[in-house]
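The values are calculated or read from the model by the stated rules, or taken from the named source; none is laboratory data. These figures come from a predicted structure and were not determined experimentally. All Cβ positions, glycine included, derive from the backbone under ideal geometry; neighbour counts span all protein chains shown. Note: areas computed on protein heavy atoms with side chains; ligands, DNA, RNA excluded. Shrake-Rupley method; radii C 1.70, N 1.55, O 1.52, S 1.80 Å.
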Amino acid sequence: MTSTDTATHTPVPASARDTARLVARVVAPALAAGAVVRRRAGMALAERFAVDRRATELLTELRGTHGPGPLRLDLAGRHFAVVLHADDASRVLSGTPDPYSPSTREKRAALEQFQPHGVLISRGPERDARRAFNEAVLEYGHQTHSLAPRMVRTVREEAGKLLGATTAGNGEIDWQAFSTAWNRTARRLVLGDTGRDDTALSAMLGRLRSAANWSGAAPRRTALRDRFERRLRAHLDRAEPGGLAAALAATPAGPGTDPAGQVPHWLFAFDAAGIAAYRTLALLSTHAAQEAQIRNELAVTDLTEPRLLPYTRACVLESVRLWPTTPFLLRESVRETVWGGEELPAGTEFLIYAPLFHRDDSLPYSDRFTPEIWLDGTAQDTEALMPFSAGPGRCPGEDLVLLVTSTMLAALLERHTYLPERPGRLRPDRPLPRTLDHFGLRFAALPHRP
């Protein structure tokens with residue numbers, strides 16, 4: 001059966017030269033930076049050589065030369081289509097999971113290293129059941145999770161310990177210190193308090209994710225994955241009250257769902273959430289007007305309770321718009337699809353490069369930090385913005401992530417001000433860089449004096 005929606009742009013074959021340029025300037029740099037876990041050296045080089053700016057410039061050039069239709073590439077016997085127009089991106093994402101499945105060949109080859117039954121690489125009835133289970137446990141569509149009171153306390157405790165260690169040390173926060181505190185927070189939120197110091201579990205997952213960076217080229221580390229799963233299941237079997245493990249145990253699951261098999265992705269996703277929170281802190285450290293707006297919000301909010309922080313959440317969303325933690329959104333057609341009267345074969349992989357749309361030069365706020373667009377309806381009316389993906393494949397943990405990240409930022413900003421080591425690159429009076437290496441961010445934490 002063929003999908004016959006023709007209200008889209010006609011695909012255009014890419015020349016050999018254009019294919020080579022796309023691989024060299026768009027795909028290869030993304031892989032070098034780390035598709036599953038970010039590489040420190042890769043991210044440093046990505047920022048140094050402005051790889052996202054170079055990639056968006058090339059894609060914009062090709063769109064101007066060939067028109068808005070997807071660029072068709074044939075590589076190693078595979079069919080690819082690089083999406084260049086927001087309407088086409090919307091069609092693909094709204095058509096998840098049929099005919100555009102998120103379970104692509106490359107994604108399966110990578111993520112099977114540590115989550116072989118994860119919803120992202122599932123299809124058919126199993127995918128439906130796993131998606132529904134994830135939505136139920138993570139309470140998709142609810143801005144405040146039922147476990148929010150415990151979550152808020154946990155986040156604030158860990159933020160306080162981070163600041164305490166900072167004050168006792170050299171007064172600086174770098175990525176290592178922040179990520180250590182963030183990972184402790186994530187383990188407590190997912191596994192309960194007894195998971196806080198299980199750094200061995202995180203180290204195992206880190207090694208599996210590093211292997212996943214190589215996709216199908218890396219051998220399966222089955223022994224390591226078995227050890228990781230046994231250790232993880234010990235935490236989940238305990239189902240400590242207050243953590244997502246308890247919610248998981250209390251949520252009905254049908255045959256084939258594999259509840260425990262969904263948890264590795266939650267831990268994986270918290271890593272990206274931490275990067276987003278840390279980049280948001282960097283933006284606020286250089287944008288006095290937005291920092292003042294957050295402080296106004298905090299001044300009228302009881303931060304010990306699970307209150308919504310609309311402006312703080314908007315700042316996190318804006319950080320992810322500026323620097324998507326998942327630059328490529330991938331979908332693979334499960335059958336032939338019709339585009340502008342032309343057929344694309346089943347198995348075509350559609351590549352949506354989010355920075356192309358998030359930083360489109362036609363957007364008046366393209367390279368500026370503008371959280372207000374998430375509050376005044378601008379972002380919601382701009383289909384090209386997809387910080388947590390879009391359509392039926394939208395991240396089911398979006399609300400939970402925004403709750404946790406906004407709470408962490410509120411706790412860090414409540415009594416402290418942050419001075420970045422290199423403020424020049426994020427100055428509000430110049431365009432923000434299109435690549436930001438979070439590993440290289442460092443702040444001096446100072447007591448805030450109103």
Given a 1.4 Å probe, the accessible area of segment 59-156 per residue, as a whole number of Å², is 38
Computed D for segment 223-285, Stokes-Einstein, Kirkwood radius over alpha-carbon pairs, 37 °C, 0.692 mPa s, to the nearest µm² per second, is 240
Dividing the alpha-carbon radius of gyration of segment 168-223 by 2.2 N^0.38 Å, where N counts its residues, gives 1.44
The percentage of the accessible area of segment 220-313 (probe 1.4 Å, all protein chains present) made up of carbon and sulfur atoms, to the nearest whole number, is 53
Expressed to two decimals, segment 301-406 has a Cα Rg over Rh, using the Kirkwood radius, of 1.06
Using alpha carbon positions and the Kirkwood radius, the Rg to Rh ratio of segment 114-179 is 1.21
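Would the chain count as rounded, prolate or oblate if I go by the C-alpha gyration tensor, calling it rounded below 1.5 in a/c and otherwise prolate when a/b exceeds b/c, oblate otherwise?
Oblate shape, in that a/c is at least 1.5 and b/c is the bigger or equal ratio.
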Dividing the alpha-carbon radius of gyration of segment 175-305 by 2.2 N^0.38 Å, where N counts its residues, gives 1.28
With a ≥ b ≥ c from the Cα gyration tensor eigenvalues, square-rooted, and the rule rounded for a/c under 1.5, otherwise prolate when a/b > b/c and oblate otherwise, segment 129-229 is oblate
The answer for His416, listing residues at least 5 apart or on another chain whose modeled amide H is closer than 5 Å to its amide H, is His448
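Carbon and sulfur: what percent of segment 119-217's accessible surface (1.4 Å probe)?
That fraction is 53 percent.
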Binned at 10 Å from zero, the C-alpha pair distances of segment 204-256 give percents of 22, 35, 32, 12, 0
Given the candidates Ala354, Thr337, Tyr311, the one whose Cα lies deepest towards the positive end of the charge dipole of segment 295-371, counting +1 at each Lys or Arg C-beta and -1 at each Asp or Glu C-beta, is Tyr311
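Would you mind getting the Kirkwood hydrodynamic radius of segment 49-188 from its Cα pairs, rounded to one decimal in Å? Intermediate results must be reported in sequence, preceding the final value.
On the way: mean 1/r = 0.0508 Å⁻¹.
Kirkwood hydrodynamic radius for segment 49-188: 19.7 Å.
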With +1 at each Lys and Arg Cβ and -1 at each Asp and Glu Cβ, the charge dipole magnitude of the chain around its Cα centre, to the nearest 20 debye, comes out at 1520
Largest fluctuation, Ala223, Ala247, Ala44 only, Gaussian network model of the chain with Cα springs under 10 angstrom, belongs to Ala223
Excluding ligands, DNA and RNA, the carbon-plus-sulfur percentage of the accessible area of segment 375-430 with a 1.4 Å probe reads 50
Quick note, segment 250-328: a/c under 1.5 would make it rounded; otherwise a/b > b/c is prolate and the rest oblate (a ≥ b ≥ c, C-alpha gyration tensor); here it is oblate
